Amino acid sequence: SRISRTERLNLAPIPRPPLMLSLSMIVRNEEERLAACLDSVKGLVDEMVVVDTGSTDGTIAIAQAAGARVEQITWPGDFAPARNSAMEFLQGDWVLVLDADEQLRPEVIPNLKALMAQPDVLVINLLRYELGAAMAPYSSVSRLFRRHPAISWSRQYHSMIDDSVSKLLDREPQWRIADCSEPAILHDGYRPELLAGTDKAERLR
(Lines give C-alpha, C1' and ligand atoms only; values in the text may rest on other atoms or scores of the structure.)
Protein backbone atom coordinates (compact mmCIF):
# COMPACT_ATOMS: atom_id res chain seq x y z
CA SER A 1 0.00 0.00 0.00
CA ARG A 2 1.08 3.56 -0.59
CA ILE A 3 2.34 5.62 2.36
CA SER A 4 1.42 9.26 2.38
CA ARG A 5 4.07 11.96 2.65
CA THR A 6 2.88 12.77 6.19
CA GLU A 7 3.23 9.15 7.24
CA ARG A 8 6.72 8.96 5.74
CA LEU A 9 7.72 12.02 7.74
CA ASN A 10 6.37 10.45 10.91
CA LEU A 11 8.51 7.37 10.30
CA ALA A 12 11.71 9.40 10.06
CA PRO A 13 14.07 8.94 13.04
CA ILE A 14 14.00 11.71 15.61
CA PRO A 15 17.42 13.37 15.71
CA ARG A 16 19.21 13.27 19.05
CA PRO A 17 19.95 16.63 20.67
CA PRO A 18 23.65 17.47 20.65
CA LEU A 19 25.58 16.41 23.74
CA MET A 20 26.60 19.19 26.09
CA LEU A 21 30.11 19.24 27.59
CA SER A 22 30.94 21.11 30.80
CA LEU A 23 34.40 22.14 31.92
CA SER A 24 34.83 21.78 35.68
CA MET A 25 37.72 23.45 37.51
CA ILE A 26 38.81 24.02 41.12
CA VAL A 27 41.03 27.12 41.48
CA ARG A 28 42.62 29.48 43.96
CA ASN A 29 45.01 32.32 43.08
CA GLU A 30 45.63 31.17 39.52
CA GLU A 31 45.63 34.52 37.73
CA GLU A 32 48.88 33.75 35.86
CA ARG A 33 47.73 30.50 34.23
CA LEU A 34 43.95 30.41 34.19
CA ALA A 35 43.34 32.40 30.99
CA ALA A 36 45.48 30.06 28.87
CA CYS A 37 43.70 27.01 30.28
CA LEU A 38 40.24 28.39 29.56
CA ASP A 39 41.23 29.54 26.10
CA SER A 40 42.43 26.02 25.22
CA VAL A 41 38.98 24.44 25.66
CA LYS A 42 36.79 26.97 23.87
CA GLY A 43 36.64 24.83 20.74
CA LEU A 44 35.24 21.87 22.68
CA VAL A 45 33.19 22.75 25.76
CA ASP A 46 29.70 24.26 25.94
CA GLU A 47 30.02 25.73 29.42
CA MET A 48 32.95 26.57 31.69
CA VAL A 49 32.39 26.37 35.43
CA VAL A 50 35.21 27.62 37.64
CA VAL A 51 34.84 26.91 41.35
CA ASP A 52 36.95 29.28 43.42
CA THR A 53 38.06 28.30 46.92
CA GLY A 54 39.24 31.67 48.20
CA SER A 55 41.32 33.58 45.65
CA THR A 56 42.81 36.90 46.69
CA ASP A 57 44.20 37.83 43.27
CA GLY A 58 42.52 38.42 39.90
CA THR A 59 41.47 34.80 39.34
CA ILE A 60 37.70 35.42 39.50
CA ALA A 61 37.81 38.42 37.17
CA ILE A 62 39.92 36.50 34.64
CA ALA A 63 37.52 33.55 34.68
CA GLN A 64 34.49 35.79 34.16
CA ALA A 65 36.20 37.72 31.37
CA ALA A 66 36.84 34.43 29.59
CA GLY A 67 33.14 33.57 29.73
CA ALA A 68 33.24 31.13 32.63
CA ARG A 69 30.61 30.92 35.35
CA VAL A 70 32.26 31.32 38.73
CA GLU A 71 30.99 29.56 41.82
CA GLN A 72 32.57 29.82 45.27
CA ILE A 73 32.97 27.22 48.00
CA THR A 74 34.91 26.96 51.23
CA TRP A 75 37.98 24.78 50.76
CA PRO A 76 37.11 21.40 52.37
CA GLY A 77 40.75 20.42 52.94
CA ASP A 78 40.89 17.77 50.20
CA PHE A 79 40.49 17.73 46.43
CA ALA A 80 38.01 14.84 46.25
CA PRO A 81 35.16 16.56 48.15
CA ALA A 82 35.98 19.81 46.39
CA ARG A 83 35.63 18.20 42.97
CA ASN A 84 32.42 16.48 44.05
CA SER A 85 31.00 19.83 45.15
CA ALA A 86 32.01 21.33 41.79
CA MET A 87 30.04 18.62 39.96
CA GLU A 88 26.83 19.96 41.49
CA PHE A 89 27.12 23.19 39.48
CA LEU A 90 27.32 21.50 36.05
CA GLN A 91 24.63 21.15 33.41
CA GLY A 92 26.39 19.10 30.73
CA ASP A 93 25.96 15.50 29.64
CA TRP A 94 29.76 15.14 29.75
CA VAL A 95 32.39 16.57 32.09
CA LEU A 96 35.96 17.64 31.34
CA VAL A 97 38.11 18.31 34.42
CA LEU A 98 41.25 20.43 34.16
CA ASP A 99 43.53 22.26 36.56
CA ALA A 100 44.75 25.78 35.89
CA ASP A 101 48.27 24.53 35.07
CA GLU A 102 46.90 22.33 32.28
CA GLN A 103 45.88 23.06 28.70
CA LEU A 104 43.97 21.01 26.14
CA ARG A 105 45.74 20.42 22.82
CA PRO A 106 43.48 21.75 20.02
CA GLU A 107 44.63 18.95 17.70
CA VAL A 108 42.84 16.37 19.87
CA ILE A 109 39.39 17.98 19.78
CA PRO A 110 38.01 16.08 16.72
CA ASN A 111 39.09 12.77 18.27
CA LEU A 112 37.41 13.60 21.58
CA LYS A 113 34.17 14.65 19.88
CA ALA A 114 34.07 11.36 17.97
CA LEU A 115 34.60 9.33 21.14
CA MET A 116 31.94 11.24 23.07
CA ALA A 117 29.43 10.58 20.28
CA GLN A 118 29.65 6.83 20.85
CA PRO A 119 26.60 5.92 22.99
CA ASP A 120 28.29 3.21 25.07
CA VAL A 121 31.36 5.20 26.12
CA LEU A 122 31.33 6.19 29.79
CA VAL A 123 34.88 7.44 30.36
CA ILE A 124 37.62 8.64 28.01
CA ASN A 125 41.13 8.28 29.40
CA LEU A 126 43.34 11.18 28.36
CA LEU A 127 47.11 11.16 27.88
CA ARG A 128 48.74 13.97 29.85
CA TYR A 129 52.19 15.24 28.88
CA GLU A 130 54.43 16.70 31.59
CA LEU A 131 56.22 19.70 30.12
CA GLY A 132 59.88 19.75 31.06
CA ALA A 133 59.86 16.24 32.50
CA ALA A 134 63.17 14.41 32.19
CA MET A 135 61.63 10.94 32.62
CA ALA A 136 58.19 9.31 32.14
CA PRO A 137 56.52 12.41 30.63
CA TYR A 138 53.19 10.67 29.90
CA SER A 139 50.42 9.60 32.25
CA SER A 140 46.82 8.47 31.69
CA VAL A 141 44.11 10.39 33.54
CA SER A 142 40.35 9.80 33.73
CA ARG A 143 39.28 13.40 33.19
CA LEU A 144 36.57 13.17 30.53
CA PHE A 145 33.40 11.27 31.44
CA ARG A 146 29.63 11.22 31.31
CA ARG A 147 27.86 13.08 34.12
CA HIS A 148 26.47 9.91 35.65
CA PRO A 149 25.04 10.19 39.20
CA ALA A 150 27.16 7.23 40.34
CA ILE A 151 30.47 8.80 39.34
CA SER A 152 32.29 10.63 42.13
CA TRP A 153 35.81 11.54 43.20
CA SER A 154 37.77 9.75 45.92
CA ARG A 155 41.33 9.34 47.31
CA GLN A 156 43.50 12.00 48.87
CA TYR A 157 45.57 14.60 46.96
CA HIS A 158 45.55 12.86 43.56
CA SER A 159 41.80 12.37 43.56
CA MET A 160 40.25 10.25 40.82
CA ILE A 161 36.93 8.81 39.69
CA ASP A 162 38.31 5.30 39.11
CA ASP A 163 36.89 3.70 42.26
CA SER A 164 33.33 4.82 41.54
CA VAL A 165 33.64 3.90 37.85
CA SER A 166 34.77 0.37 38.75
CA LYS A 167 31.71 -0.11 40.98
CA LEU A 168 29.43 1.34 38.31
CA LEU A 169 30.75 -1.05 35.65
CA ASP A 170 29.98 -3.98 37.94
CA ARG A 171 26.32 -2.87 38.06
CA GLU A 172 26.02 -1.56 34.49
CA PRO A 173 28.40 -3.61 32.31
CA GLN A 174 27.05 -2.13 29.08
CA TRP A 175 29.36 0.86 29.48
CA ARG A 176 32.80 1.05 27.89
CA ILE A 177 35.99 2.92 28.78
CA ALA A 178 37.80 4.42 25.78
CA ASP A 179 41.36 5.67 25.41
CA CYS A 180 42.34 8.73 23.44
CA SER A 181 45.36 7.62 21.44
CA GLU A 182 47.14 10.98 21.21
CA PRO A 183 48.32 13.40 23.92
CA ALA A 184 45.39 15.53 25.01
CA ILE A 185 46.59 17.57 28.03
CA LEU A 186 49.74 19.59 28.53
CA HIS A 187 50.69 19.89 32.21
CA ASP A 188 53.05 22.63 33.37
CA GLY A 189 52.91 22.17 37.14
CA TYR A 190 55.93 20.00 38.00
CA ARG A 191 58.83 21.85 36.44
CA PRO A 192 61.49 22.53 39.13
CA GLU A 193 61.42 26.29 38.61
CA LEU A 194 57.65 26.32 39.19
CA LEU A 195 57.85 24.16 42.31
CA ALA A 196 60.48 26.40 43.88
CA GLY A 197 59.01 28.65 46.53
CA THR A 198 55.76 26.68 46.83
CA ASP A 199 54.57 23.93 49.18
CA LYS A 200 53.60 21.63 46.30
CA ALA A 201 56.58 19.30 46.74
CA GLU A 202 55.82 18.94 50.45
CA ARG A 203 52.15 18.23 49.74
CA LEU A 204 53.21 15.60 47.19
CA ARG A 205 55.29 13.85 49.84
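Residues in region 131-169 that are hydroxyl-bearing (Ser, Thr, Tyr) and not in a strand (DSSP E or B): 5 in all.
Restricting the search to region 99-117, which residues are touching a residue at least 40 places away in the same chain (Cβ under 8 Å) and either open to solvent by 60 Å² or more (accessible area, probe 1.4 Å) or farther than 14 Å from Cys180 by Cβ (or both)? If the condition is that a residue be touching a residue at least 40 places away in the same chain (Cβ under 8 Å) and either open to solvent by 60 Å² or more (accessible area, probe 1.4 Å) or farther than 14 Å from Cys180 by Cβ (or both), then Asp99, Ala100, Asp101, Glu102, Gln103, Pro106, Glu107, Lys113, Ala117 are the ones that fit. Residues in region 59-76 that are free of Cβ contacts under 8 Å to residues at least 24 places away in the same chain and either under 17 Å from the mean Cα position of the chain (by Cα) or assigned to a loop (DSSP other than H, G, I, E, B) (or both): Arg69, Val70, Glu71, Ile73, Thr74, Pro76. The residues on offer are Arg33, Arg28, Arg5, and the sole one that is modelled with pLDDT under 95 and either among the aromatic types (Phe, Trp, Tyr) or farther than 15 Å from Gly67 by Cα (or both) is Arg5. Picking from residues in region 169-188 that are open to solvent by less than 90 Å² (accessible area, probe 1.4 Å) and over 15 Å from Ile124 (Cα atoms), the one that is farthest from the chain's Cα centre (by Cα) is Glu172.
At least 3 residues being touching a Ser or Thr at 6+ places or on another chain (Cβ under 8 Å) and under 23 Å from Ser166 (Cβ atoms) is the threshold, and among the strands (runs of 3 or more DSSP E) wholly inside region 91-130 those reaching it are 94-97, 121-130. Under the condition of being surrounded by fewer than 19 Cβ atoms within 10 Å (Cβ to Cβ) and among the charged types (D, E, K, R), which residue from region 36-83 is farthest from Leu23 (Cα to Cα)? If we take residues in region 36-83 being surrounded by fewer than 19 Cβ atoms within 10 Å (Cβ to Cβ) and among the charged types (D, E, K, R), then Asp57 is farthest from Leu23 (Cα to Cα).
The values are calculated or read from the model by the stated rules, or taken from the named source; none is laboratory data. These numbers were taken from a predicted model, which means no experiment stands behind them. Please note: Cβ atoms are built from the backbone with ideal geometry, for glycine as well, and neighbour counts cover all protein chains shown. SASA here: full protein model, heavy atoms, side chains in, ligands and nucleic acids out. Shrake-Rupley method; radii C 1.70, N 1.55, O 1.52, S 1.80 Å.
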